[in-house]
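Beneath this line is the structure, given in structure tokens, with notes to follow.
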Amino acid sequence: MGVVGGTASAAYADPGPGAGAGGTGGAPDEEQKKKLEAVHKKIEDLYRKAEQATEAYNAAKEQVARQQKEIDKLGRTIDATQAKLDALQRQAGELASAQYRGGGMPAEARLMLNNDPEAFLDDATLVHKSQHAAKDLIAQLGATKNDLNDYSKDATDRWKQLEENRKKKEKAQQDIRKQIDAAKKLESQLAAEEKARLKKLEDAQASKEQQKWLDSGVLKEISGKASAQGKKAITFATAQIGKDYVWGAEGPDTFDCSGLTLRAWQFGGRTIPRTSQEQWRQLPHVDIKDMRPGDLIIYYADASHVGIYIGDGQIIHAPRPGRQVTVAGAGTMPVLGVVRPDK
């Protein structure tokens with residue numbers, strides 16, 4: 001907020017009579033423009049930080065959900081292993097009781113004292129089976145106990161990871177709110193006419209960046225046509241135009257940037273990662289000259305924003321809090337690269 005000081009409330013007011021071309025109004029106009037640009041930069045920086053925190057929140061949220069499922073599955077495995085161990089321990093108890101009822105005499109000794117040759121052979125077979133069963137039982141008991149210890153240790157480790165990701169999620173949530181609240185506070189200090197001028201400034205800068213991108217000749221090399229799945233993804237994204245950006249949202253009524261691309265490509269028949277960073281990391285990369293409608297353009301060095309390319313140098317994206325899903329120039333933000341969900 002220190003960037004602005006008291007400028008947000010009054011510095012952008014209409015300079016009044018005498019200002020403008022000629023006279024003494026030129027310098028104040030230029031000064032007001034610079035101050036407005038400073039406010040614009042501060043607001044954009046705050047929303048950029050909020051978006052970075054949003055993608056961190058989305059990643060942590062996804063990790064928490066996945067780890068919770070793993071822990072639930074591990075819990076069922078531990079329960080089943082414990083039940084198996086209990087059953088084996090009961091068998092071991094029954095074996096010990098049988099030996100006690102036999103007076104503690106080893107089975108081999110009782111065998112040697114048998115006077116009936118036929119019974120002797122039967123007993124010999126039973127003794128062999130009994131010994132083999134006892135060894136198997138002991139081995140199973142040991143292995144099952146080891147399994148139970150391993151599963152329990154694994155569960156403890158996963159709980160620690162889960163708690164760490166929950167803390168990351170909560171911190172990201174706090175960061176998002178902090179940045180958005182600061183940006184809204186800054187915007188609220190502007191009068192209606194100043195907000196209108198700020199919007200014009202934003203549009204002018206976006207247009208300038210887009211023109212610079214087009215002037216690079218990038219579109220001359222882009223001639224790819226959308227795949228059937230890409231067309232479906234674009235159809236979905238187009239239908240969301242006008243819906244509000246809400247951080248962490250995946251539809252159906254609100255979206256953040258990667259929530260929109262996630263649902264668009266789900267509609268297209270492909271499951272893609274939740275966050276823009278993971279979309280960049282996991283999906284196949286394509287050269288920008290080979291880009292085709294339906295591809296995802298990833299923005300900024302930290303891959304914290306994403307839009308879906310629709311052709312003619314345009315994307316559909318969910319820009320930031322306070323904005324709606326919209327069509328924008330693909331070059332209005334720094335392009336990191338392009339990924340193709342259906343390559």
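Some points to look at:
- The condition of being polar (S, T, N, Q), surrounded by 20 or more Cβ atoms within 10 Å (Cβ to Cβ) and assigned by TED's automatic domain parsing to the domain that holds E278 holds for only one of Q266, Q240, Q179, that being Q240.
- Qualifying residue in the range 270-278 (condition: under 21 Å from G331 (Cα atoms), in contact with a strand residue (DSSP E or B) (Cβ under 7 Å, 6 or more places away or on another chain) and modelled with pLDDT of 95 or more): yes
- Residue in the range 320-338 that is farthest from Q282 (Cα to Cα), counting only those that are within 20 Å of the chain's Cα centre (by Cα) and outside any loop (DSSP other than H, G, I, E, B): L336
- Residue count for the range 188-198 under the criterion of being assigned to a helix (DSSP H, G or I) and either assigned by TED's automatic domain parsing to the domain that holds A56 or over 15 Å from A38 (Cα atoms) (or both): the result is 4.
- Summed over the range 232-247, residues that are under 16 Å from the mean Cα position of the chain (by Cα) and under 15 Å from H305 (Cβ atoms) total 1.
- Residue in the range 312-319 that is in contact (Cβ under 8 Å) with a residue 60 or more places away in the chain and in a strand (DSSP E or B) present: yes
- The residues on offer are K167, K220, K208, and the sole one that is under 29 Å from A56 (Cα atoms), out of contact with any helix residue (DSSP H, G or I) (no Cβ under 8 Å at 6 or more places or on another chain) and assigned to a helix (DSSP H, G or I) is K167.
- When residues of the range 228-253 are limited to those that are in a helix (DSSP H, G or I), in contact with a helix residue (DSSP H, G or I) (Cβ under 6 Å, 6 or more places away or on another chain) and among the hydrophobic types (A, V, I, L, M, F, W, C), the one farthest from Q266 (Cα to Cα): A237
The values are calculated or read from the model by the stated rules, or taken from the named source; none is laboratory data. Please read all numbers here as calculations on a predicted model, not as lab measurements. When we count neighbours, we look across all protein chains shown, and the Cβ atoms used for this are built from the backbone with ideal geometry, even at glycine.
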